[in-house]
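Encoded as structure tokens, the structure appears first; notes follow it.
Since every read-out is calculated from the coordinates, none of them should be taken as a lab result. Bear in mind that the values here come from a model prediction, so they are computed numbers and not experimental data. Cβ sites come from the backbone with ideal geometry, for glycine too, and all protein chains shown count toward neighbours.
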Amino acid sequence: MMFHTAPFIVGFLPICVTGFFALGRCCGAEWALRWLVTCSLAFYAWWNPEHLVLLAGSVALNYTIAWKLRHTGAPRAWLTVGIALNLALLGWFKYADFLRHIVAPNAPALHVTLPLAISFFTLQQIMFLVDMAAPMRDGRTTAPGTTGPETLPSLLSYAAFVTFFPHLIAGPIVRPAEVLPQLGAAGLARPCIENIADGLLIFLLGLGKKLVLADTFGGFADTGFNAAANGASLTFFEAWYASLSYALQIYFDFSGYSDMAIGLARMLNVRFPLNFDSPYQASNIAEFWRRWHITLGGFLRDYLYIPLGGSRTGALRRTGNLMTTMLLCGLWHGAAWNFVVWGGLHGLFLAVHAQYRRLFRPLPAGLGQALTLLAVILAWVPFRAGSVHNTLTVLRGMAGLSGITLPRMIVSALPPLAAIADPVSVMPFLGDARTLSFPEISACLLLGWLIVLALPNVHRMTDRARHWSLTGSFALSVQALLFAPHVAPFLYFQF
Amino acid sequence: MGRILLACAASLALYIGAFTWLLDRPLTLGALGARIEASLARGEAIQQPKLVILAGSNGPYSHRCEIIEPIIDRPCINAGVAVGVGLDYLFTRWKKLLNPGDIVYLPLEEAQYARPRATGDLGPDASIMLRHDRATLWALPLRRQIAALFAADLPAVIMSLIETALTDDGFHDPRAAANGGYNAWGDHVGHTAMLAALNQSTLAAITPVHPTAAQIRTGYGTVLITDFLHWADLNGVRAIGGLPTGFADSPIADDSLAAIRSIYRDQGAGFLDLPNHSRYPRTAFFDTGDHLNEAAQISHSVTVAAALSRLTEQKHARSR
């Protein structure tokens, strides 16, 4: 069951929210929380009931380790055991085949099925263990950058925190200290019209981002990247339009998902942190990472980069820390070399930026933004293309090495274009390869990039702007939800 | 909460209102609508037994009624439009103009059999009906009427605005100059081998997609075609199935061919299968795997006309 499907919106969500508040009113907050855990487990089991055992086992194991960590005299040892077990679980399900292929390229694949959301609930629980160990470990009451939980929560609260359906599948990766206190608050199960309305509005705007924008650009991107995967060469505009479309697809898809998650949590009186803050408006790559998938960036910074030494070490070590962090960030996205390359490129960009910032004055904001955007778009190519061959095909196209073509009707209307482009009847890897595909995709891309570059995001909009945005998008969301023949899953589900 | 409901209601009202009364796609859908109306007008004007070719765009590009008409000795109308246009829409429009003794030749594209209902409901005909042909829309099932209200996605919204503005501004559509046009029979003309030579790199890069036999058998298009064949049989209209033109290096699989053939034969309709299964080398095509260039179109039409003549004469002889 996905957030952007009719069974979720007209079935699961109303039942879950109504039951939560009804139980809260008649039986108290604890029963409401039990209902929430039950709904969340049912939500998870919808995909594959077998993996429910894994999720429940992981929650129980981590809670036990947290208890041991707090109630025995060896917190460091229990923390190590906890982290090792979580990473082993993630390693087996996500990386076994990848590592096996590196060690023994000819060995048959294990074909381990990747349980949904394992990357997210594993990080979530590692964070919890580290935060629980922090006051025991070094006398601090908080984990780095957080206000960590001072006491062990109840198993019910912990289970609700990990399995809470708005963030279970694809984040945001919320800090225990941000959410656990909210789940234990006295007013949690009391309906608040303002929260329900705010949450519903944010959810509907996220739904529009996903169904109307992400899926539209996803279709355009798929045409180009699938053609490259099938051995075709892409001409200049086909390659650029596929790459620009993918950059928009992944932004609208994931930020749309995050908005929906934030909205759902808000309806249930829980506030999630912001996960996307107009990242394509960033004027440098470091700022991009402070705006893109903010909760993952925060996790990597506080639980990996800083423990490695962060930027308090020498330039060489700092570069190494950055590269390690970003390579692992890439690997977290998927057990494949294309993700490692993507992470490595971002590590390189960050390292270059850090050196540049040390030696020179910052670039003018506009130039910095353009360079950042170009670097980010280029790095999305291996991320999406999947293999070195496909990546090179797309990059060759973007460089114009596979020719520049334009529809003959465009060249007829604007004859000077004949100087740079060969006229063709249709461009086979552009949209539906119709005569008017080129102006259609051009106009859609223009709109998409206008939205991400010039407009405030949902969380920075005024209330009035949000309502106008809903007026502009709701009917198209209904169209896509109820009438589109194909519903594309969220991209981040695969991670 | 009230403001959210108001925004949602306003959004729906604006969307439906705009696409029912205001926005249009005169370049994309306008061209298709004009094609449909022109062939219907020709069909209405002809009072004697006629041949109607119904298909996607391989109809007008790969078949030439102008050539076929004198060979089979009856008026011919090339009423193929585009692969995405709903068959239920075309059949509904044409049923009114088909009389006993008429022949309908259906060299439908494979995708037209395999198309799922949800995709068919949102084809270009949905918007054409909503904006210009509500009488036909009301004659279709309620499901189709509701889908027509929601046929426009984001690219359609954007292109509606652009195309409406361009047309209001007197934009001259350059497609006819670049690709040719249509004659009085509804055939596409002017897509010469010389123009086709400019598209050889495009043609070389095309990888045709063939639906499987199972997709053809279970597709919603097949349901619509079967219903039409049944109607034709009841009303004395002779329906003859056929194969669309395509690349010789990408043949239709044998089981898919059998599936297509059995759709017609199971309903007692004829089926015309040329020795080459209507497959030609890529050099015989114009811009896509469905569109022969003009020279190949003429040659294919002569072959089809001769085969149609034989098929109809056999039937005639049997009935005597």
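Laid out as a table, the results:
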| quantity | calculated |
| --- | --- |
| Compactness of region B:216-291 as Cα Rg over 2.2 N^0.38 Å, two decimals | 1.22 |
| Degrees between helix B:254-265 axis and first principal axis of chain B (Cα, 0 to 90, nearest 10) | 90 |
| Under Karplus coefficients 6.51, -1.76 and 1.60, residue-wise ³J(HN,Hα) of region A:171-182 in Hz, glycine/proline x | x, x, 7, 8, 6, x, 5, 7, 10, 4, x, 5 |
| Lysines with Cα under 21 Å of B:Lys95, excluding same-chain neighbours fewer than 8 positions away | B:Lys50 |
| Whole-angstrom gap from region A:180-215 to region B:1-68, using each part's C-alpha centre | 41 |
| Square roots of five times the Cα gyration tensor eigenvalues for region A:161-207, Å | 19, 17, 8 |
| Percent of C-alpha pairs per 5 Å bin, region A:382-435, short to long | 5, 19, 20, 21, 18, 10, 7, 2 |
| Folded to 0 to 90 degrees: helix A:29-45 orientation relative to chain A principal axis, Cα | 40 |
| Burial ordering of A:Lys94, B:Lys95, A:Lys210, fewest other beta-carbon atoms within 10 Å first | B:Lys95, A:Lys94, A:Lys210 |
| Alpha carbon convex hull of chain B, projected area averaged over orientations, nm² | 18.2 |
| Using alpha-carbon coordinates, inclination of helix A:463-478 to the longest axis of chain A, degrees | 70 |
| Peptide B:25-32 - average C-beta neighbours from other chains (10 Å radius) | 1 |
| Positive minus negative residues near B:Asn58 (Lys, Arg vs Asp, Glu; Cβ under 9 Å) | -2 |
| For B:Val52, distant residues with modelled amide H under 5 Å away | B:Ile77, B:Ile103, B:Val104, B:Tyr105 |
| B:Ala295 paired with B:Ser262, simple spin-label distance in nm, labels 7 Å along Cα-to-beta-carbon | 4.1 |
| Fraction of the pair-distance distribution of region A:6-191 above 31 Å, Cα-Cα pairs, percent | 24 |
| Rg/Rg_ref, region B:32-136, where Rg_ref = 2.2 N^0.38 Å and atoms are Cα | 1.05 |
| When region B:213-255 is reduced to its Cα atoms, the Kirkwood hydrodynamic radius in Å | 12.4 |
| At 1.306 mPa s and 10 °C, Stokes diffusion of chain A via Kirkwood alpha-carbon radius, µm² per second | 66 |
| Free-standing Cys, chain B [no other Cys Cβ under 4.7 Å] | B:Cys8 |
| Rounded if a/c under 1.5, otherwise prolate or oblate - region B:15-81, Cα gyration tensor axes | prolate |
| Evaluated over region B:137-258, the Cα radius of gyration and Dmax, each in Å | 20.0, 51 |
| Under Karplus coefficients 6.51, -1.76 and 1.60, residue-wise ³J(HN,Hα) of region A:203-219 in Hz, glycine/proline x | 4, 5, 5, x, 4, x, 4, 6, 6, 8, 8, 4, 5, 5, 5, x, x |
| Three-way shape label, region A:387-470, alpha-carbon gyration tensor, a/c 1.5 | prolate |
| Sorted by Cβ density within 10 Å, fewest first, the residues B:Glu294, A:Glu30, A:Glu194 | A:Glu194, A:Glu30, B:Glu294 |
| Distant-in-sequence amide H partners of B:Phe271 (H built 1.01 Å from N, under 5 Å) | B:Gly241 |
